[in-house]
Structure formats: C-alpha cells, structure tokens
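Heads up, the thing below is written out as structure tokens.
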Amino acid sequence: MNVHDSDTISQILVNKGYKKTDSINDAHIILINTCAVRQKAEQKAFTLIGRLASLKRERPNIISGIIGCVAQEKGTDLLQHFPFVDLVLGPRNIYRIDDFLAQIKEGRGKTSSLDLTCEPYTLTACNGYAKGRVSTFLKIMEGCDNFCSYCIVPFVRGRETSLPAEDIISASKYLISQGIKEITLIGQNVNSYNTKNNTLPTFPGLLKKLDKIAGLERLRFVTSHPKDLSNELIGCFGELTSLCPHIHLPVQSGSDNILLLMNRRYTRDKYLSLVERLKIVRPDITITSDLIVGFPGETEKDFEDSLQLIDNVEFDNLFSFKYSERPQTKALQLPGKLDEKEKQRRLFILQERQRKITLSKNKKMEGSIQEILVEGTGKKDDSQLTGRTPGNKVVNFSANKNLKGQLVRIKIIKGFQNSLLGELVDKYDRKVY
Ligand code: 5AD
Ligand code: SF4
C-alpha cells in the first residue's frame, strides 16, 4: 500500500510539472513516506527524518515532508519536534499533495492535514502512470474496520471505504492501453469490498467484471482476511482465466487462544478448511501468509500450534514477525508480555522451519514448464530476464532478446530459496496452448 501511495504522490507531482530525481542531493522537495505497522518500521522512518536535518542545514530552501502512517500517528507534534519539517500528511491526505506544496511555496508556512475521512481515488487520467511497467498495483479500497488487537492500521488509515467499481474498471482499461499486462488490486481487506455500503458489485463480482477486460493477462489481489473469504471468491480461482492461482491469506497464529485474543474472528480449523477448499478448486494454487510470534500470553503450546499449522499447510512463503507493541491498540493492555529474547527464539525456529518448506516447494518445481510474464532484466544480473509464475514465484532466465511484457514458457531448471532458475522454451500464446 505504501509503495502504491508513494507512486501516486510522485505521479500527481509529475503531472503538475515536477521532475523526479534519483539523488536526494539534487532534490528540492523531499517527502518521506512512513510505515507504523511495527516499531522497527517506525524507527527506520525516524532515521531518515534525522537525515533531513542535515540536508536542510546545507540547503535551507528544500521543502520537506513526513507522510503516511507515522505522520498520522504522531500528528502535528512532528512539526514541533522537527523544526526542519514543513509538511505532515496522513495517508488519506496524499491526493491533495500539490495543494499543500503550493501553500508552502507561497510562503504560507508549515502545514499539516490528518483528516481520516478523505476519499481515495484512482489516477485514471494520469499520463505516464504505467510508463515502462508491465505490472502495477491498483487501489480498490482503503482503511480497515477489523481492529485486530495488535494492529495500528485502523487508527492511522481510518475507516474502510471502497472506490467506485466504474472508476476501477476504467482505470484498468487505461492501464492496459498503456501496456500494463498484470494488475494487483490492493486494499487492507479486499474481500470486504463494497460490503459496508451494501453496494454491488461485491469483490467476486468486481473480479468477474475485470476478468472480461480484453488485454488483461493477469489479475491478482492483496490482502484477504480469512473471515471474509467467501465460497464465491474461492470459486473465482476455478473460473476466471486472468485470476492468478495465488492467495496471500494472513493466518497470524495457529492457536485458537491467540486468534481469539487477536480478535481475528476465525479458528484454526476454519482457516485449515479454507485452505482445503482453495486447493480443491485450484490444485496448483500457491498460498502465502503472515504470522506473528510472541503475542502477549502466547504459551509454548500456542507457539507449537503455529509451527504445526505451517507444517500442515505448507505455505509457499511466509512473512513472520515478532509481536511489536503499537500505540492505541487493545493488545497493549494484555497481560503476559514476552521478552525480546524469547520472541527472537520463537521467530528463529519458525523461520528455519518455513525456509525448509519454501525450498522444498521450489525444488519440486524443477523440470516443470511455467508461464512467465517477463517484467524486465534481473536485479542482480542484467544479462538475465526476470518474471513471475502465475503462483507469484520469481523466475530468472537468459534470453538473447528483450521479451519484456510478454508471456513466455519456461522450463524450471533449479529451485532456490527465493527464486527459480529457468530456461526459455518458447513464447506463450494462450490461444495455442
Ligand atoms: N506486531 C507484529 N506484526 C504486526 N503486523 C501488524 N501489526 C503488527 C504488530 N503490532 C503484521 C501482521 C500483518 C502484517 C502486515 O504485519 O502479520 O498481517
Ligand atoms: Fe490490521 Fe487486522 Fe485490518 Fe489487517 S485486518 S489491517 S491486521 S486490523
């Protein structure tokens, strides 16, 4: 979501005639987009903000801003604590970035906007948004009403709101006309798209409409809350040609006691039955997840339940975190806090266990033929091309021509921990194969 927000901000500004620079030393405007989901992310933001102080000392005319979830959390205190900061903007206020910058440039002083009720919109008519890209995010909803007891998001991104389906459809058509082949719909909980305002289409309905758009090769979405994963949505994985067989379905814990304390509103068995149904509808589906260790009150048995769950599901990849205390959240008041050392120990055990599962799943793909959407040259080795399988695994391969934006068939030669190595078979054409 933050990557997409930063993108949106820079596109609004580029459309207003600003130019991007790769070097912070050349910039006249420096905006730091921040994440507050865990203390560590927040710390990173403050380290960067510290750097702003010396830049502003050297070049006092720079306009500097703190944007995003830390800005929303700390509010105008930031302007007092950091006198070199000119602008503080919450994540729901980014759409008027050019107005705020204009105010500062006109000499109207420091400014802030922390209104959590601002409605997001898609940058349909934004020239150049898709330039040079094959794949993009598209925001379909913003905010969250779930109040998981550990999570700061509902406090900093506000209440759930869905963007109009017509806007999402026309934005998708525009993006495809600009060369985009793959769209990832994003929202804190995409499954509850339009549920609150009781409007149509619901999320599966939206997917069905988007699937009909000519030229959209691949459709993905993040993130899904297990409690809202309906049978209709599961069915979409078996029906829609463009919908990729991958779901990110955060489980957070394998213990019913902890899930209850987390206010997740599903049980371990319910989660496992969702996984089973997904695998029945789409046997080749890849499943990834998020998991927190060391939540207050997590016993050794609760932790064992999480380990057992990851053995049971065999996630393709797992993002795991040590519980981090966040202001305003319910979990702050819970007894049974674990010390850092114990959280670290549990995280290490869990990650080791998952590493083996991920590697073994990647190795199982050796010898298979996969459809890859070529995204460009490799990050480490620019003689290689890189792309993803429908299941969202990164594949690197060599080719003597630029195949960016094309679907190709690749034979997987080797499975590594974080990627696959492949060999080009031929260009892929859905009509032929
Ligand atoms: N501590 C640790 N992890 C957290 N997450 C959200 N809040 C916290 C927290 N307080 C994790 C969850 C979520 C992911 C985006 O970040 O696993 O799914
Ligand atoms: Fe946070 Fe839970 Fe909302 Fe996800 S669903 S953003 S974890 S409150």
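Results for (1) under 22 Å from Gly17 (Cβ atoms); (2) within 16 Å of ligand 2 (Cβ to nearest atom); (3) crowded, with 18+ Cβ neighbours inside 10 Å, shown as yes or no for each residue.
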site	(1), (2), (3)
Ala45	no, no, yes
Ile62	yes, no, no
Gln80	no, no, no
Leu89	yes, no, yes
Ile97	yes, no, yes
Some residue of the stretch 339-359 being surrounded by 14 or more Cβ atoms within 10 Å (Cβ to Cβ), within 14 Å of ligand 1 (Cβ to nearest atom), at pLDDT 95 or above and in a loop (DSSP other than H, G, I, E, B): no
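Residues checked against (1) hydrophobic (A, V, I, L, M, F, W, C); (2) away from ligand 2 (no atom under 16 Å from the Cβ); (3) within 21 Å of the chain's Cα centre (by Cα); (4) closer than 30 Å to Gly75 by Cβ:
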position	(1), (2), (3), (4)
Ser324	no, no, yes, yes
Thr329	no, no, no, yes
Ile369	yes, yes, no, no
Pro390	no, yes, yes, no
Val395	yes, yes, yes, no
Enumeration of residues in the stretch 63-102 that are over 14 Å from Ile9 (Cβ atoms), free of Cβ contacts under 8 Å to residues at least 12 places away in the same chain and of a type in the set (Asp, Glu): Asp77
Answer residue from the stretch 145-160, given it is in a loop (DSSP other than H, G, I, E, B) and within 15 Å of ligand 1 (Cβ to nearest atom) and is farthest from Thr8 (Cα to Cα) among those: Ser149
Count - residues of the stretch 307-328 that are within 14 Å of ligand 1 (Cβ to nearest atom), surrounded by 17 or more Cβ atoms within 10 Å (Cβ to Cβ) and either at positive phi or among the acidic types (Asp, Glu) (or both): 0
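Is it the case that some residue within the stretch 225-239 is more than 16 Å from ligand 1 (Cβ to nearest atom), of a type in the set (S, T, N, Q) and either closer than 30 Å to Asp302 by Cβ or out of contact with any Leu (no Cβ under 9 Å at 6 or more places or on another chain) (or both)? Working first, answer last.
Filtering the stretch 225-239 for residues more than 16 Å from ligand 1 (Cβ to nearest atom) gives 230-239.
Filter once more, keeping what is of a type in the set (S, T, N, Q): 230-231.
Next, from what is left, pick out any that are either closer than 30 Å to Asp302 by Cβ or out of contact with any Leu (no Cβ under 9 Å at 6 or more places or on another chain) (or both): 230-231.
Among the residues of the stretch 225-239, at least one is more than 16 Å from ligand 1 (Cβ to nearest atom), of a type in the set (S, T, N, Q) and either closer than 30 Å to Asp302 by Cβ or out of contact with any Leu (no Cβ under 9 Å at 6 or more places or on another chain) (or both), which makes the answer yes.
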Every residue from the stretch 90-109 that is modelled with pLDDT of 95 or more and not in a helix (DSSP H, G or I): Gly90
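Between Leu421, Leu403, Leu373, which is assigned to a loop (DSSP other than H, G, I, E, B) and more than 30 Å from Asp305 (Cβ to Cβ)? Give the steps one after another, and end with the answer.
Numbers: Leu421 fails: assigned to a loop (DSSP other than H, G, I, E, B); Leu373 fails: assigned to a loop (DSSP other than H, G, I, E, B).
None of the other options fit; the residue is Leu403.
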Residue tally, condition surrounded by 22 or more Cβ atoms within 10 Å (Cβ to Cβ), part of a loop (DSSP other than H, G, I, E, B) and more than 22 Å from the chain's Cα centre (by Cα), over the stretch 237-274: 2
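Determine, yes or no, whether Ser324 is closer than 15 Å to Ile292 by Cα, of a type outside the set (Lys, Arg) and assigned to a loop (DSSP other than H, G, I, E, B).
Working: closer than 15 Å to Ile292 by Cα: yes; of a type outside the set (Lys, Arg): yes; assigned to a loop (DSSP other than H, G, I, E, B): yes.
Yes, satisfied.
For residues in the stretch 138-170 being hydrophobic (A, V, I, L, M, F, W, C) and more than 16 Å from ligand 2 (Cβ to nearest atom), which is nearest to the chain's Cα centre (by Cα)? Spell out how you get there, then give the answer.
Filtering the stretch 138-170 for residues hydrophobic (A, V, I, L, M, F, W, C) gives 138, 140-141, 144, 147-148, 151-153, 155-156, 163, 165, 168-169.
Filter once more, so that each one left must be more than 16 Å from ligand 2 (Cβ to nearest atom): 138, 163, 165, 168-169.
On the way: Leu138: 11, Leu163: 17, Ala165: 20, Ile168: 18, Ile169: 20 Å.
Per the stated criteria, the residue is Leu138.
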Condition check for Pro154: buried (at least 18 other Cβ atoms within 10 Å of the Cβ), without any contact (Cβ under 8 Å) to a residue 40 or more places away in the chain and on the phi < 0 side of the Ramachandran plot: yes
Every pair of residues 6+ apart whose Cβ atoms lie under 6 Å, when the first sits in the stretch 250-277 and is under 21 Å from Pro335 (Cβ atoms) and without any contact (Cβ under 8 Å) to a residue 60 or more places away in the chain while the second is part of a loop (DSSP other than H, G, I, E, B) and of a type in the set (S, T, N, Q): Asp256/Thr267; Leu259/Ser253
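Can you pull out every residue in the stretch 126-144 that is assigned to a loop (DSSP other than H, G, I, E, B) and within 22 Å of Ile67 (Cα to Cα)? Reasoning before the result, please.
Of the residues in the stretch 126-144, the ones assigned to a loop (DSSP other than H, G, I, E, B) are 126-134, 140, 143-144.
Within the stretch 126-144, Cys126, Tyr129, Ile140, Gly143, Cys144 meet the criteria.
Scanning the stretch 161-215 for residues that are small (Gly, Ala, Ser) and not in a loop (DSSP other than H, G, I, E, B), which turns out farthest from Lys139 (Cα to Cα)?
First pass over the stretch 161-215, keeping only residues small (Gly, Ala, Ser): 162, 165, 170-172, 177, 179, 187, 192, 205, 214-215.
Now restrict to residues that are not in a loop (DSSP other than H, G, I, E, B): 162, 165, 170-172, 177, 192, 205.
Details: Ser162: 9, Ala165: 11, Ser170: 13, Ala171: 10, Ser172: 11, Ser177: 18, Ser192: 14, Gly205: 16 Å.
Only one residue fits best here, namely Ser177.
Yes/no matrix, rows are residues, columns are (1) assigned to a loop (DSSP other than H, G, I, E, B); (2) not hydrophobic (A, V, I, L, M, F, W, C):
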residue	(1), (2)
Val37	yes, no
Lys40	no, yes
Leu48	no, no
Arg51	no, yes
Asn61	yes, yes
Gly65	no, yes
Ala71	no, no
Pro83	yes, yes
Val88	no, no
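The values are calculated or read from the model by the stated rules, or taken from the named source; none is laboratory data. This is a predicted model, so every value here is computed, not measured. Reconstructed Cβ throughout: ideal geometry from the backbone, glycine too, with neighbour counts over all protein chains shown.
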